[in-house]
Amino acid sequence: MSSYYENSARGRLAGLLDPGSLVEILPPTERVVSPHLRQLDTPAAFDDGIVVGEGRLAGRRVLAAAQEGGFMGGAVGEVHGAKLTGLLERALDTRPDGVLLLVESGGVRLHEANAGLIAVSEVMRAVLAVRASGIPVIVLDGGTFGCFGGMGIVSRLCDAVVMSEEGRLGLSGPEVIETTMGVEEFDSRDRALVWRTVGGKHRYLLGEATTLVEDDVAAFRAAALSLLDQLSDPGPDLSLAALEAEHAVLGSRLERFGDCGDALDIWERLGVEEPEKLPILDTADFLATVRDRRA
Amino acid sequence: MDVTILLDRLFPDGHETAFDGVYFDGIGRVFGTEVAVIGTIDNTPIGIELAFRMAGTVLEVVRRHPGRPILLLVDTQGQRLSRRDELLGINGYMAHLAKCIDLARRNGHRVLGLVYGQAVSGGFLATSLLADRCYALPDAEIRVMNLPAMSRVTKIPLERLTELSASSPVFAPGVENYRRMGAITGLWEGDLAVCLAEALAAPVDGDPRRALGEERGGRLLARKVADRVRRDAA
């Protein structure tokens, strides 16, 4: 078993795709780095914290991007974002069977905040263009830094999100909320609270994550493959009817859980017996316990 | 600018808008064209209820008024920073709003954004940055974070950031920075109804912001890098 959480972006891709199939585009040897970091005397990375390329998943042709949390928490700058947008637009030309986004990001990179914010909106437009053209986009979220900020929005624009229990998904990270609104709003050092608010198990119960897997690269691979095949026919649906259905789901979530102050309240309302025990269950037991209990 | 003055200036032929707290929607008429208007006031944070409500209005316009242009007048200090909104998946609500705006564009609605107050981070990402074109009033403010907060987080001295922001549009708040980087198509001044009518009539094709940012010298790498990744042999 190889931990997805502890792996690097390149390690995850190597284990996820068919052995030796990844061909990286603009690899570190090209040295396409952020000019803005240099200007602020901040160390740059030769890949700007993201790996993009083509590969195979059990023979299916895929494009894949992996953000490297080890470099500035996977934050999106001008080059980083442009690589992701370019990869998505490449899919419009090469028509792969799907696009895989291995997200790990704190959001916009503050050192180049304006460029990063605009870049994220370009990624958003590109994701929706790829889906509208009939190609599924699948998100994998199980990295050390989780997935927040603009990338949290991007993730939910995609067809499906695979998470591990260690994965985290949200908009404003706990530290950001604590720093801005005070520790009484969100205590970012309370790991149990953080986990049950933005962690994989809660996201799965709420329906924000499609699939929950163990923290194992092979499990992510199996889930991505299964989703790729499920989603390829009839393909992504961004029709008015599909968005009205999504609207109804989100409206019902507000009605059912809008007054809940804690995940435990939501889990209880979902009919989970002994909700306080969910955090300690391993993934298999958890999935068995919450079967038919998801929102 | 006060929103009632703004609406009068945008729609000299008349408008009917309904306000509910910080939210409003309705229609305005400009030179014979009916435009759906959706917006917020008072620099309001966008939480899940507001994102959901705006998404519902966009869907209703698409369903009931095929082709009607949509003008987003969103005045926001950003996404609502709250544990409860995170608990309920605010990123999913923001993404839903973005999908609805994108649906409108794909179904032939011209979608325009006008930043008349503030536009910040997530509240901007899920609304006007998804429009076909986004414009701003000259005295509006667009930012991710102010420089003192940025200095604290990045540990880069405030003096250094201030000094660099005189020449670089890349991190400091400001409408002009976003214009130089291509995200703001142009500033609206003078006769706002004429500005709106011209924007409604201008052709749109794809996402021009990288090319604009390059042309205006504010964002020199985004277009080149994206094009290389799109077209280089793997």
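Taken together, the values in this text are just the output of simple stated rules run on the coordinates, not laboratory data. As the structure is a prediction and not an experimental result, all values here were calculated from the model. Reconstructed Cβ throughout: ideal geometry from the backbone, glycine too, with neighbour counts over all protein chains shown.
Worth pointing out:
- At least 20 Å along the helix axis (C-alpha) and Kyte average at least -1.0, DSSP helices within chain B: B:48-64, B:90-106
- Note on chain A: dipole from Cβ charges, positive end direction compared against A:Ser2, A:Gly15, A:Gly182; the farthest Cα belongs to A:Gly15.
- Within chain A, longest stretch clear of exposed GluC sites (Glu not before Pro) (DSSP loop, no more than 10 other Cβ within 10 Å): A:1-183
- A:Asp18-B:Glu176 pseudo-label distance in nm [points 7 Å out on the Cα-to-Cβ vector]: 5.5
- A Förster distance of 35 Å, applied to the separation of the beta-carbon atoms of A:Asp282 and A:Glu30, puts the FRET efficiency at 0.25.
- Efficiency of FRET from Cβ geometry, A:Arg10 and A:Thr42, R₀ 25 Å, rounded to 0.05: 0.70
- Rounded to whole numbers, the Karplus 3J(HN,Hα) couplings from phi for segment A:176-181 are 5, 5, 4, 4, 8, 9 Hz, using 6.51 cos²θ - 1.76 cosθ + 1.60 with θ = phi - 60°, and x at Gly and Pro.
- For B:Ile142, residues with placed amide H under 5 Å, excluding near neighbours: B:Ala119, B:Gly174, B:Val175
- Segment B:1-92, dipole about Cα centre (Lys/Arg Cβ +1, Asp/Glu Cβ -1), debye to the nearest 20: 300
- Among the trypsin sites (Lys or Arg not before Pro) found in segment B:136-213, those both in a DSSP coil and sparsely packed, with 12 or fewer other Cβ atoms within 10 Å of their Cβ, are B:Lys155.
- Nearest 10 degrees, 0 to 90: helix A:78-94 Cα axis against chain A principal axis: 90
- Calculated [θ] (222 nm, deg cm²/dmol) that DSSP helices of n ≥ 4 give over chain B, each run adding -39,500 (n - 2.57): -12500 deg cm²/dmol
- Here's the picture: charge each Lys and Arg Cβ at +1 and each Asp and Glu Cβ at -1 in segment B:3-206, and of B:Tyr135, B:Val61, B:Leu97 the one pushed furthest to the positive end of that dipole is B:Leu97.
- DSSP assigns beta bridges within segment B:64-212; of those with both partners inside it, close to 0 percent run antiparallel.
- Vicinal HN-Hα couplings computed from phi for segment A:218-225 (Karplus, 6.51 cos²θ - 1.76 cosθ + 1.60; Hz; Gly/Pro x): 5, 5, 4, 4, 5, 5, 4, 5
- Cβ-based charge dipole, segment B:1-145, positive-most Cα from B:Val22, B:Met145, B:Ile48: B:Ile48
- Using θ = phi - 60° and Karplus 6.51 cos²θ - 1.76 cosθ + 1.60, couplings along segment A:99-112 (whole Hz; Gly, Pro as x): 10, 10, 10, 8, 7, 6, 7, x, x, 6, 7, 4, 4, 9
- Against the rule of thumb 2.2 N^0.38 Å, how large the Cα Rg of the protein assembly as shown comes out: 0.92
- Here segment B:131-216 is described by how far its Cα atoms reach on the three principal axes: 46, 26, 20 Å, from widest to narrowest.
- Seen through its C-alpha gyration tensor, with square-root eigenvalues sorted a ≥ b ≥ c, segment A:26-97 comes out prolate because a/c lies at 1.5 or above while a/b is bigger than b/c.
- Straightening the chain between A:Asp292 and A:Val183 buys 35.7 nm, computed as 0.36 nm per residue apart minus the Cα-Cα spacing.
- Value of relative contact order over chain A, rounded to a whole percent, pairs C-alpha under 8 Å and six or more apart: 16
- Percent RCO, i.e. relative contact order, over chain B, from Cα pairs under 8 Å lying at least 6 residues apart: 15
- Residue of B:Leu114, B:Leu73, B:Leu88 that the Gaussian network model of chain B assigns the largest fluctuation, springs spanning Cα pairs under 10 Å: B:Leu88
- Backbone amide hydrogens, once placed in the peptide plane, bring B:Ile184 within less than 5 Å of B:Arg179, excluding anything fewer than 5 places away on its chain.
- Per the Debye formula on identical point scatterers at the alpha carbon atoms of segment B:3-206, with no solvent, log10 I(q)/I(0) at q = 0.14, 0.16 Å⁻¹ is -0.81, -1.04.
- Globularity ratio of chain A, using Cα Rg and 2.2 N^0.38 Å: 0.98
- Separation of the A:Cys260 and A:Asp93 label points, Cα + 7 Å toward Cβ, nm: 4.6
- Cα centroid of segment A:50-129 to Cα centroid of segment A:218-233, whole Å: 19
- The angle separating the long axis of helix A:240-257 from the principal Cα axis of greatest extent in chain A is about 50 degrees.
- Taking the longest Cα principal axis of chain A as reference, the axis of helix A:113-132 is set at about 80 degrees.
- Cα-centre dipole for the protein assembly as shown with unit charges at Cβ (Lys and Arg positive, Asp and Glu negative), debye to 20: 1240
- Of the GluC sites (Glu not before Pro) found in segment B:167-203, those in coil by DSSP whose Cβ has at most 11 other Cβ atoms within 10 Å are B:Glu189.
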